[in-house]
Each structure stands twice: as C-alpha cells, then as structure tokens.
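Asker: Just passing along the structure, written as structure tokens.
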Amino acid sequence: MASKNVDTLHTLLHDTLRDTLDAERQITKALPKMAKHATNPTLKQGFEEHLRQTEEQIQRLEQAFQMIDKAPRGKHCKGMEGLIAEGDEMMQEHEPGDLLDAALIAAAQKVEHYEIAAYGTLCTYAGLLGMREMKDLLGQTLEEEKMTDEKLTQSAQKINVEAMQ
C-alpha cells in the first residue's frame, strides 16, 4: 500500500514538472511581447530581466528531470495558456501608456502566482519523497518567483496611481 502512494506521488511530481516546464517555455515567448508593449522603463527592464531568469529556471527544471531519470518533455499547460491569452487581450485592448502598464503588471502577477503555486507544490512533493537536492534546486526558483512578484507589487504602487490620471 505504501509503495502505491509513493509511485503515485512520483507520477504526480513528474506530471507537475512537465506542466511547469511547458508553462515556463510559454512564458519565454510572452515576456518579449510584454517588454515591447511596456512604456515604463523599470517595468520594461523587469520583463527583460525576468526572461533571462526564466531561461535559468528552465535549466533547473531540466536538472530536476535528470534527477528522476526522465526526459525533459513538457506537457501543454492550459492554465498558463489562458493567463498569457488574457495578457495578450490586454495588449490589444489598451493603448501603450500607464493604463496598459498597469494591466501588464496585473497579468504578470497572475503568472507569478501560478508559478509560485507550481514551485511550492514541486518543493512539497520533492520533500515528501526525500529528494532534498531537487527540493533545494526548485526552492531557488520558488524564491525568485516570490521576489519577482514583490517587485511587480512595488512597481504597481506607482504605476497604478499614474494610470488613474
């Protein structure tokens, strides 16, 4: 009975890794568009920096796949697809400026919250399965996502006020 639970959690870990890998790959395609549409220099730079960080996070996910002897293959992440589609809609509906920047921050924070949930789950699974190295590796990404969310919150405090004018 116990081995069935471990096998199931291993399977769930692998499935969540696949989903998260695809989500991150989708994000690498969305961030350049967001940076292009952002008019606030700090926000634009933040999107560009997060693209570089996301590429490093993909490498960590690939390492996590190696730790469980699996090929780093993504599984289409419908959740991220939806969040990115919402962001694309915002870029089509609003002219460049403070209001669009505020909308981009909101869209980016939805993505960050999704990622925080995904990496938190992965760290929990890895910890329960005794995979300390994987937990630590993905924990780095979890902390980066939390810091990115905090930076977005700080930017929003200024940009949202500017969008009201």
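The values are calculated or read from the model by the stated rules, or taken from the named source; none is laboratory data. In this text the structure is predicted, and so the values were computed from the model without any measurement. For neighbour counting, all protein chains shown are included, and Cβ atoms are generated from backbone atoms with ideal geometry for every residue, glycine included.
Asker: Quick check, is E144 in a helix (DSSP H, G or I) and either among the acidic types (D, E) or within 11 Å of the chain's Cα centre (by Cα) (or both)?
Answerer: Taking the combined requirement at face value, the residue satisfies it.
Asker: Then there's this: Could you look through the range 140-165, keep only residues that are surrounded by fewer than 17 Cβ atoms within 10 Å (Cβ to Cβ) and aliphatic (A, V, I, L, M), and pick out the one that is modelled with the lowest pLDDT?
Answerer: The qualifying residue modelled with the lowest pLDDT is M164.
Asker: Then there is this: So, in the range 91-120, exactly how many residues are of a type outside the set (A, V, I, L, M, F, W, C) and within 13 Å of the chain's Cα centre (by Cα)?
Answerer: Counting residues in the range 91-120 that are of a type outside the set (A, V, I, L, M, F, W, C) and within 13 Å of the chain's Cα centre (by Cα) gives 8.
Asker: Working only within the range 34-78, note down all residues that are within 14 Å of D101 (Cα to Cα), in contact (Cβ under 8 Å) with a residue 24 or more places away in the chain and surrounded by fewer than 18 Cβ atoms within 10 Å (Cβ to Cβ).
Answerer: T39, T42 - these are the residues of the range 34-78 that are within 14 Å of D101 (Cα to Cα), in contact (Cβ under 8 Å) with a residue 24 or more places away in the chain and surrounded by fewer than 18 Cβ atoms within 10 Å (Cβ to Cβ).
Asker: Any residue in the range 35-49 that is on the phi > 0 side of the Ramachandran plot and outside any helix (DSSP H, G or I)?
Answerer: For the range 35-49, residues on the phi > 0 side of the Ramachandran plot and outside any helix (DSSP H, G or I): absent.
Asker: Go through the range 108-124 residue by residue and tally those that are of a type in the set (G, A, S) and surrounded by fewer than 20 Cβ atoms within 10 Å (Cβ to Cβ).
Answerer: Going through the range 108-124 one residue at a time, the tally reaches 2.
Asker: I'm told M90 meets every condition in (1) crowded, with 17+ Cβ neighbours inside 10 Å; (2) touching a residue at least 24 places away in the same chain (Cβ under 8 Å) except one. Can you identify the failing condition by its number?
Answerer: Of everything listed in (1) crowded, with 17+ Cβ neighbours inside 10 Å; (2) touching a residue at least 24 places away in the same chain (Cβ under 8 Å), M90 misses just condition (2).
Asker: Could you say which residue among K44, K33, K70 is modelled with pLDDT of 95 or more and in contact with a His (Cβ under 8 Å, 6 or more places away or on another chain)?
Answerer: K70
Asker: Go through the range 125-139 and give me each residue that's part of a helix (DSSP H, G or I), loosely packed, with under 14 Cβ neighbours inside 10 Å and not aliphatic (A, V, I, L, M).
Answerer: R132, E133, D136
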